[in-house]
Amino acid sequence: MILLGSHRILVQGVTGRQGTFWTSEMIKYGAAVVGGVNPRKAGTSHLGLPVFASAREMTGKFDVALMFVPPLSAKTAAIDACEAGAKLVICLAEHIPTHDVMEMLAGAKANGCRIAGPNTAGLVTPGQTFAGIMPAFNSRIFKAGGIGVISRSGSLGALACLNLTRSGMGQSAFFGVGGDPMIGTTTREALEMFDRDERTSAVVICGEIGGSAEEEAAEYAQGMRKPVAAFIAGRSSPPGKKMGHAGAIVDGGRGGYASKRRALESAGVPVADLPSELPALISGAGS
Amino acid sequence: MNFEEWASKALIAERGIVVPRGRIARSPEEAKAAARGPCAVKAQVPAGRRGKAGGVKLASGPGEATEFAASMLGSEISGCKVEKVLVEERVDVARELYAAVLSDRGNRCPTVLFSPSGGIDIEEAAASDSEAMRSCQVDIRRGFGPAEAESLLEGLDLGDRKPEIAAALAALYSAYRDLDAELLEINPLAIAAGGEVVALDCKFVLDDSAAARRPELAARASREQATELEIRAAEAGLRLIELDGDVGVLANGAGLTMATMDAIAHFGGRPANFLEIGGDSYTKAEPALRIILENPGIKCLLVNFCGAFARTDVMAGGVVAAWKKLRPSIPAFFSVHGTGEEDAIELIRSELGIEPYDLMDDAVVAAVRAAEEARR
């Protein structure tokens, strides 16, 4: 789902240093934050928000859970949010054990909930709302418009938006899918969402080496009417090394740059050599 | 984190899977003492295809075992130095099978794999013959027990050993869960002449993200091959990968750092390193820059920030502090955007007298040119 200004957001781990900083930025931006969770501070108030012991206490009163929760507590928090009826759980933490991630994803599926991440920088709908750790409030980077942006990396996603904004092309939304190898919403699934979204007229994909997310997205892009353009990071990275993200590794010939570029280009998706080429490619794509 | 065969076998043996009796030897003398009759001498390196590289030999007794150990120890196999060998009793094999459990990134669940024909070329066999490999996607909330194993094996001709094989598969799945494994593979899983089901080899990969909650396990992993500087960076909580170029790179976030390296290569330069200070490590710009500058081959520094969570003013502060202390004689080029950018740019301007570029590409081109000039 694409985040809307009307979505009510519950922040798990709201009282921590980062939870406090980003939640107050979200409130300033106009996000509909309805409460926070911290079992040790239940009953108090923080940033003017009520603090609860668990998401379950807010069942039916929120749509999106945003997790500022350390990696080893993420599984419990995510399942709590799914069982409390969250439609979307945004999981920022990196280094969550993979077995916990699989349990989180199975729990989400059983409850009809979607997870974004782990290891995502969050979601932004410029001019309306944001949830996560993206500089939505920086008007040089984000601007309301019609381009959907999907990125495995927060920093690269911000750079792509900066380039689009600089060329006068605003964004319908930014969807951070996350840099982990196993994630709740894949690049392909995010692309399908943008394809269905009426406010989105074109899509930019910021991929990386490792895995097969870009190849799978290319399969879907083949049948799309909306123009799609991509940049894939890691062309010059050595094989066999994890490039910062757990998911960014070329392993035994799998997950390499060339295969991704070939798959996207043969699906009619132009691939930029530099992030700065994205605006020109997206205006030219599909025409 | 990869585990050597002997360490992997000890872990599955503790969890109910039969392995041959064996001992680790670090010298030919220890190998002689460990050998009792016919045995296998196996180099302990965390790499596949050991057998083809001469890392597995069958000895008739202590004499040959000593000889094989002497030739393997200290040699290099698949790029890894052999520091120990496993001396293991010989098993008379009636049939070789394959079994594995792995975290399947595409299906987002554990997957159990089984093949009635194991051996060294299993990957090729599975690719050419889809019947050669059976797989089961496991509902992690329900698990995988003997009943699920029986249905995975249904229709396969495994003689009267099917219950034992099913039990071994269920034990393997439990071990995978218990060990926070990314991969637990037995190739081959053997049916011995006497009917026993035995793991002749074993490969265990611990999920890196689980190492924090499994310190006792992580301590038994094989050391990753890394340079001295990469090890020091890791001790400082930083992920450094040394490369062979001469443009030092400091950026935040894995994606942006890779993209910065790609841009350097695009404009004809060569990056000297991958080092990112995104996420929680954005406060570590100072130690990060110190590490980058220790590379004697770098000709210039390129700093590219596009900060979200990583505040650019905090990162710029770290860069300025390290630069002023070390006073390197190389030029530096900056491109700074995102959270805190006004303060960051002002700091770089006033403290270092350097004007950051507004466009990332311009900063990259300037750095590549400076490296070229310095090489002349």
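The values are calculated or read from the model by the stated rules, or taken from the named source; none is laboratory data. Note that the coordinates shown come from a computational prediction; the quantities given were computed from them, not determined experimentally. Heads up, the Cβs are rebuilt from the backbone with ideal geometry, glycines too, and the neighbour counts pull from every protein chain shown. Side chains included, ligands, DNA and RNA excluded: accessible areas come from the protein's heavy atoms. Shrake-Rupley method; radii C 1.70, N 1.55, O 1.52, S 1.80 Å.
Per-residue mean of foreign Cβ neighbours for A:237-247 is 6 (Cβ atoms of other chains, 10 Å radius). When you count the other C-beta atoms within 10 angstrom of each residue and take the mean per peptide, B:358-364, A:16-22, B:321-327 line up highest first as B:358-364, A:16-22, B:321-327. Max-minus-min Cα coordinates of the protein assembly as shown on each principal axis give 76, 66, 53 Å, with the largest extent listed first. Sequentially through region B:78-91, phi angles give Karplus couplings (6.51, -1.76, 1.60; θ = phi - 60°) of 6, x, 10, 6, 8, 10, 8, 10, 9, 9, 10, 4, 6, 10 Hz, Gly and Pro residues having no value and appearing as x. Plainly put, region A:106-151 has a radius of gyration that is 1.07 times its Kirkwood radius, both from alpha-carbon atoms, as the Rg/Rh ratio. In region A:119-152, burial by the other protein chains removes 20 Å² or more of 1.4 Å probe accessible surface, compared with the chain on its own, from A:I133, A:P135, A:N138, A:R140, A:I141. Protein heavy-atom surface of region A:8-116, 1.4 angstrom probe: 55% of the accessible area is carbon and sulfur, with nucleic acids and ligands not counted. For region B:240-307, averaging the sequence separation of C-alpha pairs within contact (under 8 Å, six or more residues apart) and dividing by the residue count gives a relative contact order of 47 percent.
Using the beta-carbon distance between B:A10 and A:A258 and R0 = 51 Å, what value does 1/(1 + (r/R0)^6) give for FRET efficiency, to the nearest 0.05?
Computed FRET efficiency for B:A10 and A:A258: 0.80.
For region B:228-375, pairs of C-alpha atoms spaced more than 22 angstrom apart make up 29 percent of the total.
Sequence neighbours fewer than 8 away in the same chain don't count; with that in mind, list the lysines whose C-alpha is under 30 Å from B:K284. In chain and number order, the partners are A:K28, A:K75, A:K241, A:K242, B:K299, B:K324, B:K325. Sorted into 10 angstrom bins from 0, the C-alpha pair distances of region A:122-172 split as 29, 65, 5 percent. Carbon-plus-sulfur accessible fraction, region B:21-89 (probe radius 1.4 Å, protein heavy atoms only): 50%. In terms of overall dimensions, region B:93-218 has a Cα radius of gyration and Dmax of 14.4, 43 angstrom. Projecting label points 7 angstrom from Cα along Cα→Cβ for A:R8 and B:E342 puts them 3.6 nm apart. Per residue, the accessible area of region A:101-195 comes to 21 Å² when a 1.4 Å probe rolls over the protein heavy atoms.
When the alpha carbon coordinates of region A:8-116 are projected onto the principal axes, the ranges are 35, 28, 26 Å, largest first. Rounded to the nearest 10 degrees, the inclination of helix B:360-375 to the longest alpha-carbon principal axis of chain B is 90 degrees. Per-residue ellipticity at 222 nm computed for the protein assembly as shown from its helices equals -10000 deg cm²/dmol, with DSSP H segments shorter than 4 residues left out and the rest contributing -39,500 (n - 2.57).
Here the label points at B:S60 and A:R196, each 7 Å from Cα along the C-beta direction, are separated by 7.2 nm in the simple model. Computed with a 1.4 angstrom probe on protein heavy atoms, the B-A interface buries about 4400 square angstrom of accessible area in total. For B:K57, the lysines whose Cα falls under 26 Å of its own Cα, not counting residues fewer than eight places away in the same chain, are B:K9, B:K32, B:K42, B:K81, B:K84, B:K203. At q = 0.18 Å⁻¹ the log10 of I(q)/I(0) for region B:21-89 amounts to -0.52, computed by Debye summation with a single uniform scatterer per C-alpha, solvent ignored.
Averaged over peptide A:156-169, the number of partner chain Cβ atoms lying within 10 Å of each residue's Cβ comes to 4. Size check on chain B: the Cα extents along the three principal axes, sorted descending, read 80, 49, 38 Å.
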